Amino acid sequence: MLFLTTLAYGAATESAEAAEKKIEAFQVVLETSKGDIVLMLAPEEAPVTVNNFIEYVESGFYNGLVFHRVINNFMIQGGGFAEDMSQRATRAPIKNESLLNQRLENSRGSIAMARTQIADSATSQFFINLKDNEFLNGKPYKPGYAVFGHVIKGMDVVDSIARVKTGYRGPHGDVPVDSVIINKAYVVKEGGRSVKTGPEAS
């Protein structure tokens, strides 16, 4: 079976306080070298996962990382590796919310957390589904891959990333030959106020 993986994980230690934290953000923009991707998040359905993603975004963690795994007609994955394929240190893994709300499915345009074979091992890496990947959804007998939002603008950008030429970079396969970089990631707050993060934020 194919697993969408992160390389580093530890004990899942998401607190109830973090899970219940009020989430003001509802959109995130990924400014990539191929164009902008706008995400609508689902905090009510996946509060732990959305909180985790927002915290990484607001810390500037994703700025300068790449989409390091691209499989056309399946998904594009990013959020863990720099252009030289070095990996950034992450926070502790989070609880897998794939079974909490069956309305959130791994359908075309949805964004979900990558993880190892261990259910509660997701940290920073995410993927965007290029088609309906029903087999990645959670089942009563099997945890899936937690969906926490969907693309509302820039699916053409996602599709253009899916078509790039890929190869091996060291032990890593399906890596774009020409890097697809997340130049900036930022949150759009309620009321339309944009907050850009990272060293280049104004």
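Taken together, the values in this text are just the output of simple stated rules run on the coordinates, not laboratory data. As the structure is a prediction and not an experimental result, all values here were calculated from the model. Positions of Cβ are backbone-derived with ideal geometry, glycine not excepted, and every protein chain shown enters the neighbour counts.
What's the ranking of 40-53, 140-153 by average number of surrounding C-beta atoms within 10 Å, highest first?
Numbers: 40-53: 22.0, 140-153: 18.9.
In decreasing order of mean packing, 40-53, 140-153 become 40-53, 140-153.
So, by mean Cβ neighbours within 10 angstrom, what's the order for 162-174, 54-66 with the highest one leading?
54-66, 162-174
Quick check: pseudo-label points 7 Å beyond the Cα along Cα→Cβ at Lys131 and Glu55, how many nm apart are they?
3.6 nm
Run through the range 79-184 and list the GluC sites (Glu not before Pro) located in a DSSP loop whose Cβ has at most 15 other Cβ atoms within 10 Å.
Sites meeting the loop and neighbour criteria: Glu83.
Find how many whole Å separate the alpha carbon centroid of the range 159-179 from the alpha carbon centroid of the range 111-155.
20 Å
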